Amino acid sequence: HYSLLPGKFSYWIHCRINSCVYRIRNIGIMAHIDAGKTTTTERMLYYAGYTRALGDVDDGDTVTDFMAQERERGITIQSAAVSFDWKSHRINLIDTPGHVDFTLEVERALRVLDGAVAVFDASAGVEAQTLTVWRQAEKHHIPCVCFLNKMDKPAANFCIESIRKKLKANPVLLQIPVGSGKNFTGVVDLLTSRKLMWKMKSMRDDGRVFEVKALDRSDDPDLLQVVSDARTALIEQLQEAVRRVTLARKGVPVLCGSSLRNKGVQPLLDAITAYLPAPNERHHDVVRWYKDDLCALAFKVLHDKQRGPLVFLRIYSGTLKPQTALHNINRNSTERMSRLLVPFADQHVEIPSMTAGNIALTVGLKQTVTGDTIVSSKASAAAAAHRAQNDNEAGK
Ligand code: GDP
């Protein structure tokens, strides 16, 4: 019931952001080039209500281009992190560089994530690049949800075996596609046994509307059989996984759709909130060191002509506030940030403080570079121990 006046809006955002860590999801999208990472991201932002028009990557009118002005100032939604709400959850989408090699940058980006979505081109199956990033995610124990995209392509197949064999993962099927290629019309949700059918009147239709129908005897007998077998398998897997989030640890929830044709993105957003963990459900070593004192990792620095360096921080513990002394344990220096912002897709909202689990965009940290750890000066004892551990590891 707050009016969206700038001051009150910022206050409202501040309360929302800092009130419930279990509703935050810090996730990345892993994909082979061309699998549909950009299209899926854009659709997510659209369905979450952050962009008004649906853009086609091919038409060059995507959100990324809507934000041409932002890009001039050095920010794009793909460059670091974008924050949006989905059904009372805050999703922070953090860009995971798709480099094939084991660069420090990829490792750093993965440390910031609590979960990931792996987007596959269903007509190509598991491709080499995804395999590499998948292994890195496994190394960091990052739970994943798989999205088999491009189900509308004639060569698309429901590539579960490829996930099982190439990724050596245990796929937990949550959906079965209804039809394939041109006839791909929707999915059967195995948990509810309902069909989600997207009504597509025209190509520009936004797919926001979909019908939910019960499966019945008039349906294709092959589909009924596949659904029945998959449900039996799912029930067995569910019996083992008591809590929903543990499902993503025991196996990999698999969903399917076509982001270009606006099918399946809303259930994917639901799956992110249901199966991927909140920051407090993940084990991050630093939380043990700092307890309630501030500890944050700078995972990206952008240079803005007007505002100077913009540093993206993932806060692991404590509270981040502007105008307080912040200690950089890598440079052994102390500095102050001038402004603290929430990186929304369409705008950056300034707030007075931010608590653990969140992603912050800061202005005024001039000495900080990517990979630096920022702590409050209060946490000096823990910081000294942390630095010693870092030095030790670097010496190894
Ligand atoms: P990225 O490289 O992973 O970011 O992939 P893009 O999102 O840029 O998509 C690559 C190409 O695949 C573009 O030409 C898209 O229009 C196309 N594409 C993306 N999603 C789908 C889909 O669901 N179906 C089909 N047929 N094409 C898609």
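What length, rounded to one decimal in nm, is gained on full extension from Lys291 through to Thr334, with 0.36 nm per residue of separation minus their alpha-carbon distance?
Working: separation 43, 0.36 × 43 = 15.48 nm, distance 2.05 nm.
Contour length minus the Cα-Cα distance gives 13.4 nm.
Looking at the square roots a ≥ b ≥ c of the eigenvalues of the Cα gyration tensor of the stretch 277-373, which shape do they give, rounded for a/c under 1.5, prolate if a/b is larger than b/c, or oblate? Mind dumping the intermediate values first?
Values: a/c = 1.73, a/b = 1.27, b/c = 1.36.
In terms of gyration-tensor shape, oblate.
May I ask you to order 81-94, 27-40, 317-330 by the average number of other C-beta atoms within 10 Å around their residues, highest value first?
Working: 81-94: 20.3, 27-40: 22.3, 317-330: 17.9.
Sorting 81-94, 27-40, 317-330 by mean packing, highest first, produces 27-40, 81-94, 317-330.
How far apart, in nm, are the 7 Å Cα→Cβ label points at Val226 and Asn392?
Going from the Val226 label point to the Asn392 one covers 5.3 nm.
Could you give me the ³J(HN,Hα) list for the stretch 349-355, computed from phi with Karplus coefficients 6.51, -1.76, 1.60 and θ = phi - 60°, whole Hz, x at Gly and Pro?
Karplus values, whole Hz, x for Gly and Pro: 9, 7, 9, x, 6, 8, 9.
Determine ³J(HN,Hα), in whole Hz, for all residues of the stretch 152-160 in sequence, where each value follows from phi through the Karplus function 6.51 cos²θ - 1.76 cosθ + 1.60 and θ = phi - 60°; x replaces Gly and Pro.
3J(HN,Hα) across the stretch 152-160, in whole Hz: 7, 7, x, 8, 5, 9, 7, 7, 5.
What spacing in nm lies between the two simple spin-label points modelled at Glu138 and Lys87, each 7 Å away from Cα in the Cβ direction?
3.0
Using only the Cα atoms of the stretch 218-334, build the gyration tensor, take square roots of its eigenvalues as a ≥ b ≥ c, and label the shape rounded, prolate or oblate: rounded if a/c is under 1.5, else prolate if a/b is larger than b/c, else oblate. Intermediate values should be presented prior to the final figure.
On the way: a/c = 4.72, a/b = 2.09, b/c = 2.26.
Oblate.
Would you list Ser218, Ser162 from fewest to most Cβ contacts within 10 Å?
Values: Ser218 6, Ser162 18.
Sorted ascending by nearby Cβ count, the order is Ser218, Ser162.
Modelling each spin label as a point 7 Å along the Cα-to-Cβ direction, I'd like the Val369/Ala128 distance in nm, to one decimal.
That separation, rounded to one decimal, is 3.1 nm.
A short reminder: the numbers here are calculations on the coordinates, not readings from a lab. Nothing here was measured: the structure is a model prediction, and the numbers come from that model. Positions of Cβ are generated from backbone atoms using ideal geometry, with glycine treated the same way; all protein chains shown enter the neighbour counts.
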